[in-house]
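See below for the structure under consideration.
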Amino acid sequence: MAPAAGRPSLTVLAALDSARTQMYHLKAIAIAGMGFFTGAYDLFCISTVSRLLGRLYFEGEKYEPQDRPSRQPMAVDDMVVGVALVGTLMGQLAFGYLGDRLGRKRIYGVTLVLMAVCALGSGMSFGSSRRAVVGTLCFFRFWLGVGVGGEHPLSATIMCEYANRKARGAFMAAVFAMQGVGIIFACLVSMVVSGVFLRCNPAPAWREDRQRSAQLPAADYVWRVVLMFAAFPALATLYWRMKLPETARYTALVAGDGKQAAMDMQAVLDVPMDGEQEKVSRYRAANEYPLLSREFARRHGRHLVGTATTWFLLQITFYSQNLTQKDVFEAIRLTSNPANMNALEEVFQLSRAMFLVALLVTFPGYWVAVAIIDKLGRRLIQLVGFLMMSVFLLAMGLMPRNHNNVLFALLYALTLFFASLGPNCSTFVLAAELFPARLRSTCHAISAAAGTAGAITTAYEIQNLNIRGYMVTIKKGLVMLAITNFLGFFLTFLIPETMGQSLEEISGEDDNASIRADSVVDMSVDEKSPV
């Protein structure tokens, strides 16, 4: 029998969908957003100090031409930058699964504690030899990445399930936009700390005096302070995060306790609600199919393929550009030749250039997405974003050797802007909205982990092309990135539009419950009919 048209959802869920925007929603955005702020700071601050590590611990062992300061060997640089991404992937999968098994709130504070402890540990990496420092740094950054990874499925799921239907996209995009704020602060803190230490510890450029240009021990304090700073916003948010109630959708649809869900939401929304335990039981029983089942594959298999592949392709571009933009800056002369600077000058110039790009390009892109995602829809901004990124990347890759640096910088900025406005935001939102409550955190985690896998497997190849900062090799990488974004454009058509619908309508949970209710009615009628 077809589902009954217009059958009402659970009262508590209908109240959440129709609730006006209020302080409760804004508090949830701030609490979840601080996790993304901290995670973005942790992942991107390493780019501002990775060259400094090369000067401090690898000077004299040449892995670069003799006319410039030493950098970390390519394998070490990949490890220091990438070990956090490996941890992120594992954290996404682990915490995503636990979010569906144990509840969103129960493990939500663990991610913040892990990030805070490991941020402090990263800055206090033990020993003075490069083996000891790099080894302990990689250890703490791996577990830091695990905490960062847990933020993705948990914050996405919690904000998605708290939000009302009308502004759900904007609420989720606002949480994700805190990533842009985190990137800005990573650059700002690096710039301020290096600037203060530089003023107190003047030194000649590397070309003039290689030993004094390292500015020891001041330079060694700089990278440690920059990495440890992220612990403080994480700890400051922990108390408020632990006070958040469990989401009504988890309590009702997964745990099966309609009365508790109604009590939790009535306390924060100030709306009278009915627990509707009988209807809750019907919803739960009608949507119990597991992830590895034909029912899931039939209903959501295409959606999961779409969210995972598009996120994978997007992160190839986004992470490679953010993690290696320091090499692009040198190639287009936004920063000076490293040989003409001392160690802290290089950190300051890199941080300043990254700060300007984040403030003027990445940050506006995130907040434009917040403004338009519930007006234009998720799929449209993702399609536009992928298409424009492809066009700009291809244009940069095909520019002649004696290109205009201003034009190249403009195209580079527009690529980052449309990445932030489009797929970088929409992939986060869609991967939470499309799936049923029982599997929402797990499916978001799988999609996010696919994106992180893209960063791990391909961003390093782009980084290796960029490692010397030579424009000819950078352009090869840009053409490769253009192709990946064209693929992302076409794979977006696997994903339906979700704007304006309740989560239960999108996932089909309402339809399943309606079919089950009608079946129960039919059986009851048959039992009362005469033989």
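The values are calculated or read from the model by the stated rules, or taken from the named source; none is laboratory data. Just so you know, these numbers come straight off a predicted model, no measurement behind them. Surface areas here come from the heavy atoms of the whole protein model, side chains and all, with no ligands, DNA or RNA. Shrake-Rupley method; radii C 1.70, N 1.55, O 1.52, S 1.80 Å.
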* Asked: Mind checking the angle between helix 23-57 and the chain's longest principal axis? C-alpha axes, 0 to 90 degrees, to the nearest 10.
  -> 30
* To do: Read phi for every residue in the range 492-508 and hand back ³J(HN,Hα) as whole Hz from Karplus 6.51 cos²θ - 1.76 cosθ + 1.60, θ = phi - 60°, with x for Gly and Pro.
  => 4, 5, 6, 10, x, 6, 10, 4, x, 10, 6, 4, 6, 5, 4, 7, x
* To do: Return the sequence-ordered ³J(HN,Hα) values of the range 441-453 in whole Hz as given by the Karplus equation 6.51 cos²θ - 1.76 cosθ + 1.60 applied to θ = phi - 60°, using x for Gly and Pro.
  => 5, 5, 5, 4, 4, 4, 5, 5, 5, 4, x, 5, 4
* **Accessible surface, per residue, of the range 296-447 when the full set of protein chains is kept, probe 1.4 Å, Å²** => 31
* To do: Determine the principal axes of the Cα atoms in the range 83-175, then give the extent along each, sorted from largest to smallest and rounded to whole angstroms.
  => 56, 27, 18
* Computed [θ] at 222 nm, helices only, for the chain once each DSSP H run of length n ≥ 4 contributes -39500 (n - 2.57) -> -25000 deg cm²/dmol
* Asked: In terms of modelled amide H atoms, which long-range or inter-chain residues lie less than 5 Å from the amide H of Gln72?
  -> Gly54
* Asked: Quick one: helix 509-528 against the long Cα principal axis of the chain, what's the angle to the nearest 10°, folded into 0 to 90?
  -> 20
* Would you check the chain for Lys pairs whose C-alpha atoms are within less than 14 Å, ignoring same-chain pairs closer than 8 in sequence, and give me the count? => 4
* Other-chain or far-sequence residues with amide H under 5 Å of Leu244's (modelled H) -> none
* Between the range 363-417 and the range 153-191, what's the alpha-carbon centroid distance in Å? -> 20
* Give the carbon-plus-sulfur fraction of the accessible surface of the range 156-239 in %, rounded to a whole number; probe 1.4 Å, heavy atoms of protein chains only. => 66
* Structure fact -> Karplus-derived 3J(HN,Hα) from phi for the range 382-392 (6.51 cos²θ - 1.76 cosθ + 1.60, θ = phi - 60°), whole Hz, x at Gly and Pro, runs 6, 4, 4, x, 4, 5, 5, 4, 4, 4, 5
* Asked: By how many degrees, between 0 and 90 and to the nearest 10, does the Cα long axis of helix 277-286 differ from the longest principal axis of the chain?
  -> 70
* Asked: Which number comes out as Rg/Rh for the chain once both Rg and the Kirkwood Rh are worked out on C-alpha atoms?
  -> 1.03
* Structure fact -> Residues whose built amide H sits under 5 Å from the amide H of Trp206, excluding neighbours closer than 5 in sequence, are Met341, Asn342
